[in-house]
1. Those residues that are among the hydrophobic types (A, V, I, L, M, F, W, C) and part of a helix (DSSP H, G or I), I need them from segment 1-35; list them, please.
2. Could you list, in sequence order, all residues of segment 191-223 that are in contact with a helix residue (DSSP H, G or I) (Cβ under 9 Å, 6 or more places away or on another chain) and modelled with pLDDT under 90?
3. Residues that are out of contact with any Leu (no Cβ under 7 Å at 6 or more places or on another chain), surrounded by fewer than 18 Cβ atoms within 10 Å (Cβ to Cβ) and of a type in the set (D, E, K, R): does segment 193-204 have at least one?
4. Of the residues that make up segment 41-55, is at least one at pLDDT 95 or above, over 26 Å from GLN218 (Cα atoms) and of a type outside the set (A, V, I, L, M)?
5. Out of GLY119, GLY95, I need the residue that is surrounded by fewer than 19 Cβ atoms within 10 Å (Cβ to Cβ), modelled with pLDDT of 95 or more and either on the phi > 0 side of the Ramachandran plot or in contact with a strand residue (DSSP E or B) (Cβ under 9 Å, 6 or more places away or on another chain) (or both). Which one?
6. Condition first: basic (Lys, Arg) and either modelled with pLDDT of 95 or more or surrounded by 13 or more Cβ atoms within 10 Å (Cβ to Cβ) (or both). Now tell me which residues in segment 171-187 satisfy that.
7. Looking only at segment 122-170, filter to residues that are more than 11 Å from the chain's Cα centre (by Cα) and assigned to a loop (DSSP other than H, G, I, E, B); which one of those is surrounded by the fewest Cβ atoms within 10 Å (Cβ to Cβ)?
8. Out of curiosity, is VAL146 outside the structural domain of GLY56 (by TED's automatic domain parsing) and closer than 29 Å to GLU117 by Cα?
Amino acid sequence: EMSYVLISTDITRTFPIFSFFQRECPMHDQLKKILQTYCFYQPKLGYVQGMSYLAGHLLFYMDVYQTFVVFCNLLNTKFLQAFLTLDASNPQMTGRYTLYEMLLRDNLPDLANHLHEEGITPDMYFLEWSLTLFCKRLSLEVVGRVWDQWFVLGEITVFKTAVAIMGILRPRIIGQPFGKVLKGLATLPQEICTTDLFIAIQRVKISSSFKKSLEELQVSEDAKQNV
């Protein structure tokens, strides 16, 4: 029952700069149907805030049935499963926080150090970026391109995109105090365009140690699933 209350509340807040999901619009009821059906399909998980953005984004490109199928497959990926529990002690979640911080430090050591000094941790911003696959903070056009990469390359796309965004934001947040850094991370500039972001993504260096750590995490998840 709580899931249904959250769904009704969240739908009108989904992509608020547009009117697609306001109560008088057809897509409002379509999105509601998809999210409620998922709660019946996976009652143990139910609805988690952020799901409305994932399903809503898919609904821009597909009909209701196709959206539901792809939405379910998306939520079944190990990457999203790690975050959907919202369990801070979940090793799959903490492992990905560690991977993200590793990649950030490899590419932007001064910014990584500043965030550490200010006490800003991945759960304060990377969690939301991951749960919504950037839908909540980037423009539809940019998110569409990021998702293209996600479907082809998998979860490494999220890590590279997050570090690329941090590189773009770096001049605005480096040296800033805790509050201003968090505000900058929570209100990504809509002017981040596809070209600039993908140039930044291409510049993100992936070390052999990062690749090895990611592979080890994925292998351990596969092993647990097969037990």
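The values are calculated or read from the model by the stated rules, or taken from the named source; none is laboratory data. No experiment lies behind these values; they were computed from the predicted model shown. Please note: Cβ atoms are built from the backbone with ideal geometry, for glycine as well, and neighbour counts cover all protein chains shown.
1. Kept after step one, since they are among the hydrophobic types (A, V, I, L, M, F, W, C), are these residues of segment 1-35: 2, 5-7, 11, 15, 17-18, 20-21, 25, 27, 31, 34-35.
Across segment 1-35, the qualifying residues are MET2, VAL5, LEU6, ILE7, ILE11, MET27, LEU31, ILE34, LEU35.
2. GLU221, ASP222
3. Among the residues of segment 193-204, at least one is out of contact with any Leu (no Cβ under 7 Å at 6 or more places or on another chain), surrounded by fewer than 18 Cβ atoms within 10 Å (Cβ to Cβ) and of a type in the set (D, E, K, R), which makes the answer yes.
4. Yes, segment 41-55 contains a residue that is at pLDDT 95 or above, over 26 Å from GLN218 (Cα atoms) and of a type outside the set (A, V, I, L, M).
5. Values: GLY95 fails: either on the phi > 0 side of the Ramachandran plot or in contact with a strand residue (DSSP E or B) (Cβ under 9 Å, 6 or more places away or on another chain) (or both).
Matching residue, one of GLY119, GLY95: GLY119.
6. Taking segment 171-187 as the starting set, the residues that turn out to be basic (Lys, Arg) are 172, 180, 183.
Those that are basic (Lys, Arg) and either modelled with pLDDT of 95 or more or surrounded by 13 or more Cβ atoms within 10 Å (Cβ to Cβ) (or both): ARG172, LYS180.
7. GLY154
8. Details: outside the structural domain of GLY56 (by TED's automatic domain parsing): yes; closer than 29 Å to GLU117 by Cα: no.
Spelling it out, it is not the case that VAL146 is outside the structural domain of GLY56 (by TED's automatic domain parsing) and closer than 29 Å to GLU117 by Cα.
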